[in-house]
Amino acid sequence: MSTVATTASKSDWGGGSRPFNVSYGKMMMWFFILSDALTFSGFLAAYGLMRFKFIATWPIAEEVFTHVPFTHSPQPLLYVAFMTFILIFSSVTMVLAVDAGHHMKKNKVILYMLLTIIGGLIFVGSQAWEWKTFIKGSHGALETRSGNILQFVDETGKHVNIHSFAIGNSERIADTRDKGIWFSEDSHAVPTISVANVTAGFKANPKLRIKTENILANGHKEILSHEASLSKIKQAVGVVEGANMIHNEYGKPLFANFFFFITGFHGFHVFSGIVINVIIFFNVVLGTYEKRGHYEMVEKVGLYWHFVDLVWVFVFTFFYLV
Amino acid sequence: MSQNSSHTKRIWFVFFLLLVITVIEVFVGIIKPAFLADHSFIGLKLINWFFIILTLVKAYYIVYAFMHMENENSFFRRLMVYSIVFYVSYIMFIFLTEGGYMHDMFIGSDKFYHISKDF
């Protein structure tokens, strides 16, 4: 602030001038954001590539993420919309903190930064809940030899949990080292029912239909007749419950991979944003920036926080909406 | 920066704009109007164009208003915005074109039947 050049030495070579009139720290934050934006663009481009490759069988996100805490009826998009709202709101409190910093209002900066941190924590918590729900799965499905997923619906097209109609229990227990089977250890929980149990239950229940991965011209997934389902179910080789990196009851495992990778990387950004926000928050409380004479650090961490919000806007569109 | 109230006013205006756009997006995403879902333009459904354009509007307001890009030096602004806009448009075009090609290979038209067998 005191480095303003006098008219006599108003030369670019005299020192004290800033390229583009941007301070060093802010410019470096922008450069970091630019490179990080390119990383996220790469992820979303890879997602687009695989989605276009499997355009006829890709999972429909609204049918996957339908869960809202404390309710049981499927509510597509609402929970993600809530998460988006939380992040946008925390962005607003962040920009209000920056604005209060410009006017050297310490108490307002403290209040708004605190609200921002709380918003970030709610968002990360929501994301953890969504991961948990996705990993746990909701209805279970069968997987065919070629890796296609067969889901079960009733005659109205509502999803049916495989446990609700399967007859009997699987006798298979997990292969573990202490049983002497070290070469084929089960890395994931073994389903409590087998393909035979599900098939038997399906035959006994003529109201059930199979929903395949194929997307019809009207944008919905194909639902086979009971007779066609009976021949389709013969191709099943395994029961899938929930989603992980290898199996996914909602459809393509690639979808789960991208979900974990993109939202995970974004969630990690939110987490690190919270950590940086907390550090800056305590610096504000201690009066560090009051003594320094300006709140530029709040501005810099604000840039990062808005960037996290910006990325979420794109993830929301390309993962959940489109 | 001397007019505090006008700054805060703009922040809240942008907030409500972002909120309204998100609500519209979610609403359209749930009801999926037949007109938007059935027609397409340059290989993309109108509903997807709708979402992408609204997303870009949101991105513009976040970068220009919240990140104060509108107050930066114009050369600096171009350095940041042009870099990402042109590069990402390019890479999206390349990747999505390639993805469409892979899809044709994958389901196998008669011409490429031997290739699709390899997948």
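The values are calculated or read from the model by the stated rules, or taken from the named source; none is laboratory data. Please read these numbers as outputs of a predicted model, since none were measured by experiment. Here Cβ is always computed from backbone atoms with ideal geometry, including for glycine, and neighbour counts include all displayed protein chains.
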Spans of helices (runs of 4 or more DSSP H) in the range B:1-76 with at least 3 residues more than 30 Å from residue B:97 (Cα to Cα) and not aromatic (Phe, Trp, Tyr)
B:4-31
If residue A:121 satisfies all but one of (1) touching a His at 6+ places or on another chain (Cβ under 6 Å); (2) more than 14 Å from chain B (Cβ to nearest Cβ); (3) farther than 19 Å from residue A:242 by Cβ, what's the number of the condition it fails?
(1)
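Could you tell me whether any residue of the range A:287-306 is closer than 20 Å to residue A:257 by Cβ and assigned by TED's automatic domain parsing to the domain that holds residue A:41?
Keep residues of the range A:287-306 that are closer than 20 Å to residue A:257 by Cβ, which gives none.
Scanning the range A:287-306, I find no residue that is closer than 20 Å to residue A:257 by Cβ and assigned by TED's automatic domain parsing to the domain that holds residue A:41, so the answer is no.
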Among the residues in the range B:42-63, are any under 19 Å from residue A:22 (Cβ atoms), at the interface with another protein chain (Cβ under 8 Å from one of its Cβ atoms), crowded, with 16+ Cβ neighbours inside 10 Å and out of contact with any Cys (no Cβ under 6 Å at 6 or more places or on another chain)?
yes
Only one residue in A:222, A:249 is of a type in the set (Asp, Glu), within 12 Å of residue A:150 (Cα to Cα) and more than 23 Å from the chain's Cα centre (by Cα). Which one?
A:222
Only one of (1) in contact (Cβ under 8 Å) with a residue 24 or more places away in the chain; (2) surrounded by fewer than 23 Cβ atoms within 10 Å (Cβ to Cβ) fails for residue A:111. Which number is that?
(1)
Could you please tell me which pairs satisfy a Cβ distance under 9 Å, a separation of 6+ or placement on different chains, a first residue in the range B:76-93 that is within 10 Å of chain A (Cβ to nearest Cβ) and more than 14 Å from residue A:44 (Cβ to Cβ), and a second residue that is among the charged types (D, E, K, R) and surrounded by 14 or more Cβ atoms within 10 Å (Cβ to Cβ)?
B:80/B:72
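Please find, within the range A:11-31, the residue that is farthest from residue B:100 (Cα to Cα) out of those that are assigned to a helix (DSSP H, G or I) and either of a type in the set (Asp, Glu) or in contact (Cβ under 8 Å) with a residue 12 or more places away in the chain (or both).
First, the residues of the range A:11-31 that are assigned to a helix (DSSP H, G or I): A:19-21, A:24-31.
Within this subset, residues satisfying the condition of being either of a type in the set (Asp, Glu) or in contact (Cβ under 8 Å) with a residue 12 or more places away in the chain (or both) are A:25-26, A:29-30.
Working: A:25: 42, A:26: 40, A:29: 36, A:30: 34 Å.
Out of the qualifying residues, it is A:25.
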Scan of the range A:58-86 for residues that are in a loop (DSSP other than H, G, I, E, B) and at pLDDT 90 or above, ordered by number:
A:58, A:59, A:60
Take residue A:57 and decide whether it is of a type outside the set (Gly, Ala, Ser), under 17 Å from the mean Cα position of the chain (by Cα), more than 9 Å from chain B (Cβ to nearest Cβ) and within 20 Å of residue A:259 (Cα to Cα).
no
Given (1) outside any helix (DSSP H, G or I); (2) farther than 24 Å from residue B:25 by Cβ, index of the condition residue A:250 fails:
(2)
Go through the residues of the range A:216-227 one by one and say whether even a single one is modelled with pLDDT under 90 and of a type in the set (A, V, I, L, M, F, W, C).
yes
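I'd like the residue in the range B:21-41 that is exposed (fewer than 12 other Cβ atoms within 10 Å of the Cβ) and within 11 Å of chain A (Cβ to nearest Cβ) and, out of all such residues, is modelled with the highest pLDDT.
At the first step, the residues of the range B:21-41 found to be exposed (fewer than 12 other Cβ atoms within 10 Å of the Cβ) are B:31, B:34-35, B:39, B:41.
Those left that are additionally within 11 Å of chain A (Cβ to nearest Cβ): B:31, B:34.
Values: B:31: 85, B:34: 80.
The extreme case among them is B:31.
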So how many residues does the range A:217-245 have that are part of a strand (DSSP E or B) and either among the aromatic types (Phe, Trp, Tyr) or surrounded by 17 or more Cβ atoms within 10 Å (Cβ to Cβ) (or both)?
6
Within the range A:290-303, of all residues that are in contact with a helix residue (DSSP H, G or I) (Cβ under 6 Å, 6 or more places away or on another chain) and part of a helix (DSSP H, G or I), the one farthest from the other protein chains (Cβ to nearest Cβ) is A:290
